[in-house]
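Visitor: Once you've had a glance at the structure underneath, I'll fire off some questions.
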Amino acid sequence: MGFLDFAGKRKQINKPQQQPLGYWEEQSYMIAIPKNKDFNVVDGIFDRVAAIDGVNIKRKQDFDVEQKILGSAVIDYQGEEYDISFYYDTFDGQSLYITNMESLSENEMQSVKDTEMALTVFMTFNNDAIKSYHLQIKFILAAVPELAAVYDESAERVMSGRQARLYAQSDVLPPATAVYTIQAVGEEDGEVWLHTHGLCRCGLTELEVVQSCSKYANEHANIINTLASNLLNKEEKGDTYYGVAKIGDIPIVVTSVLWTEALDKYNKLELGGYKDRKESHNSRTSIIFAYKNERDASLHNYSKLDIYDDLWEEGNPLFFIGDQETERMKAAATERFDYMKKAWETLDCDVLIKIGLKVDEKYSEEAGSRNREHIWFQLVEMKEKSFTARLTQEAYWVDDIHEGDIREFTVDDVTDWRIYTDEFVVSPDTVYVLFDD
């Protein structure tokens, strides 16, 4: 029997349907793993949480394992109320395997393997997801001061206890990328499926790129990061299309389409196709597409991302980081500048520093609200109150400086930095790798 049955009627193809959110998508679930398995996490937990700067516990419920009562608290934090619940239960660290376990030190890894009990903390995020995430990490560190690691179940990520401490003890919000992960699934032929975990708990859709390839997977991941960051920071105002980057004079404009509609755009898609939606990746998740021009955007006539493949070869794409994330990055780079300075003075390393250069007036309309171009310099010399650095690339919107030029700056000019050692690359948000565990 063919596609048409003998009665001449078209067969109905049973396609997977969108499924309800899982518990880890409706709320943010994290598991705090203590260094010391003998530490009584529950004793004094509310006293430690109440000591968090800006926290006022309005109501609380003690955890009672025998009565099967969850611990909980209604917390006022910086003018908003949050409901946070927790329970302390057995946990098998030996069974925990997540792809980024290498972010843990040997001591942290051993604590995870040896753990017998762990604290699960879950909450519904408020409108500001990054602020909610920050509070959850603060709660966890207060509850478990000697923290080995955090398993962020909602994002399918393991976080080092040192990283959690860096975030919790900082006045600066964590980066948008801390709230979600991008996972890559590849085939031997080079095809790659990119998809996020963690955005649903923020009230957003997960984001995907299907039919990516190993050659352009990094660029496609940058598209996901730029779009996700702007959505989390509410830089986008609810439109259906978003300018995420430009290469030369060509803008890269994208949209996202719920997977149940989006998969119709692909013929016999294997990786990320219907068969991969039967058990997972089938709730609120959307595939990213592109618009070739304004007319296509107005008609919602979207195209696959491969329309940009030839452009990536030109190199030097400029991804549009929103104002709020740019300000956060600058605050983190400034707050942790002394860590970078110490690394430069004590380690055999190279350092790149991003500087916000004022855009020339003639480019102000093109730059829009971005009145500064943030561009990388290589550190040449560190002075007492300033430093000199060499520009690593040509600027888009500043005419009087060119690749190779050396200029003098102060910490006030810094918007980001990177430390390059033989072992790893360190940013202001990953400087915890230099800490003792």
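Visitor: Could you look through region 101-119, keep only residues that are in contact with a Phe, Trp or Tyr (Cβ under 9 Å, 6 or more places away or on another chain) and surrounded by fewer than 19 Cβ atoms within 10 Å (Cβ to Cβ), and pick out the one that is farthest from VAL74 (Cα to Cα)?
Guide: We begin by selecting, within region 101-119, every residue in contact with a Phe, Trp or Tyr (Cβ under 9 Å, 6 or more places away or on another chain); these are 112, 115-119.
Then drop every residue that is not surrounded by fewer than 19 Cβ atoms within 10 Å (Cβ to Cβ), which leaves 116-117.
Values: GLU116: 28, MET117: 24 Å.
Checked region 101-119; the qualifying residue farthest from VAL74 (Cα to Cα) is GLU116.
Visitor: Could you look through region 62-76, keep only residues that are modelled with pLDDT of 90 or more and not in a strand (DSSP E or B), and pick out the one that is nearest to ASN126 (Cα to Cα)?
Guide: Checked region 62-76; the qualifying residue nearest to ASN126 (Cα to Cα) is LEU70.
Every residue, every condition in (1) touching a residue at least 24 places away in the same chain (Cβ under 8 Å); (2) touching a His at 6+ places or on another chain (Cβ under 8 Å); (3) small (Gly, Ala, Ser); (4) not assigned by TED's automatic domain parsing to the domain that holds SER229, yes or no:
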position: TYR88; (1), (2), (3), (4): yes, no, no, yes
position: SER95; (1), (2), (3), (4): no, no, yes, yes
position: VAL112; (1), (2), (3), (4): yes, no, no, yes
position: ALA164; (1), (2), (3), (4): yes, no, yes, yes
position: ASP189; (1), (2), (3), (4): no, no, no, no
position: TRP193; (1), (2), (3), (4): yes, no, no, no
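Visitor: Next question, about the same structure. Considering ILE307, ILE287, which residue is in the same structural domain as TYR216 (by TED's automatic domain parsing) and in a strand (DSSP E or B)?
Guide: ILE287
Visitor: Another question, then. With the structure loaded, tell me whether ALA118 is outside any strand (DSSP E or B) and either of a type in the set (Ser, Thr, Tyr) or within 28 Å of ALA50 (Cβ to Cβ) (or both) or whether it fails that test. Break it down into steps so the answer makes sense when it comes.
Guide: Numbers: outside any strand (DSSP E or B): no; either of a type in the set (Ser, Thr, Tyr) or within 28 Å of ALA50 (Cβ to Cβ) (or both): yes.
So ALA118 does not fit the description; no.
Visitor: Looking only at region 266-311, which residues are over 23 Å from the mean Cα position of the chain (by Cα) and of a type in the set (Val, Ile, Thr)?
Guide: Within region 266-311, ILE307 is the sole residue that qualifies.
Visitor: Still on this structure, I have one more. For ILE288, are the conditions met, namely being touching a residue at least 12 places away in the same chain (Cβ under 8 Å), β-branched (Val, Ile, Thr) and surrounded by fewer than 20 Cβ atoms within 10 Å (Cβ to Cβ)? Break it down stepwise before answering.
Guide: On the way: touching a residue at least 12 places away in the same chain (Cβ under 8 Å): yes; β-branched (Val, Ile, Thr): yes; surrounded by fewer than 20 Cβ atoms within 10 Å (Cβ to Cβ): no.
So ILE288 does not fit the description; no.
Visitor: Would you check which residues across region 197-225 are hydroxyl-bearing (Ser, Thr, Tyr) and touching a residue at least 40 places away in the same chain (Cβ under 8 Å) and list them?
Guide: Residues of region 197-225 hydroxyl-bearing (Ser, Thr, Tyr): 205, 212, 214, 216.
THR205, SER212, TYR216, listed by residue number.
Visitor: Could you tell me which of the residues GLU403, GLU361, GLU381, GLU423 is in contact with a Ser or Thr (Cβ under 6 Å, 6 or more places away or on another chain), among the acidic types (Asp, Glu) and not assigned by TED's automatic domain parsing to the domain that holds VAL244?
Guide: Working: GLU403 fails: in contact with a Ser or Thr (Cβ under 6 Å, 6 or more places away or on another chain); GLU361 fails: in contact with a Ser or Thr (Cβ under 6 Å, 6 or more places away or on another chain); GLU423 fails: in contact with a Ser or Thr (Cβ under 6 Å, 6 or more places away or on another chain).
When all the criteria are applied, what remains is GLU381.
Visitor: Among the numbered conditions (1) free of Cβ contacts under 8 Å to residues at least 40 places away in the same chain; (2) within 22 Å of GLU191 (Cα to Cα), tell me where VAL359 comes up short.
Guide: (2)
Visitor: A further question on this structure: Could you list all residues from region 318-363 that are surrounded by fewer than 14 Cβ atoms within 10 Å (Cβ to Cβ) and of a type in the set (S, T, N, Q)?
Guide: Passing the criteria: only THR346.
Visitor: Of the residues in region 344-356, how many are modelled with pLDDT of 95 or more and either of a type outside the set (A, V, I, L, M, F, W, C) or more than 27 Å from GLU394 (Cβ to Cβ) (or both)?
Guide: The number of residues fulfilling the criteria is 2.
Visitor: Sticking with this structure for a sec: Somewhere in region 260-275, is a residue among the hydroxyl-bearing types (Ser, Thr, Tyr), farther than 23 Å from THR124 by Cα and part of a loop (DSSP other than H, G, I, E, B)? Don't jump to the end; show me each part of the working.
Guide: Filtering region 260-275 down to residues among the hydroxyl-bearing types (Ser, Thr, Tyr) leaves 260, 266, 274.
Next cut, farther than 23 Å from THR124 by Cα only: 260, 266, 274.
Next cut, part of a loop (DSSP other than H, G, I, E, B) only: 266.
Checked against the condition, which is being among the hydroxyl-bearing types (Ser, Thr, Tyr), farther than 23 Å from THR124 by Cα and part of a loop (DSSP other than H, G, I, E, B), region 260-275 yields at least one hit.
Visitor: Mind checking whether some residue in region 123-135 is aromatic (Phe, Trp, Tyr) and surrounded by fewer than 23 Cβ atoms within 10 Å (Cβ to Cβ)? Please lay out each step first, then the result.
Guide: Narrowing region 123-135 to residues aromatic (Phe, Trp, Tyr): 125, 133.
Going one step further and asking which of them are surrounded by fewer than 23 Cβ atoms within 10 Å (Cβ to Cβ), we end up with 125.
Within region 123-135, one or more residues are aromatic (Phe, Trp, Tyr) and surrounded by fewer than 23 Cβ atoms within 10 Å (Cβ to Cβ).
The values are calculated or read from the model by the stated rules, or taken from the named source; none is laboratory data. Computed from a prediction, not measured in an experiment: that's the story for all the values here. Here Cβ is always computed from backbone atoms with ideal geometry, including for glycine, and neighbour counts include all displayed protein chains.
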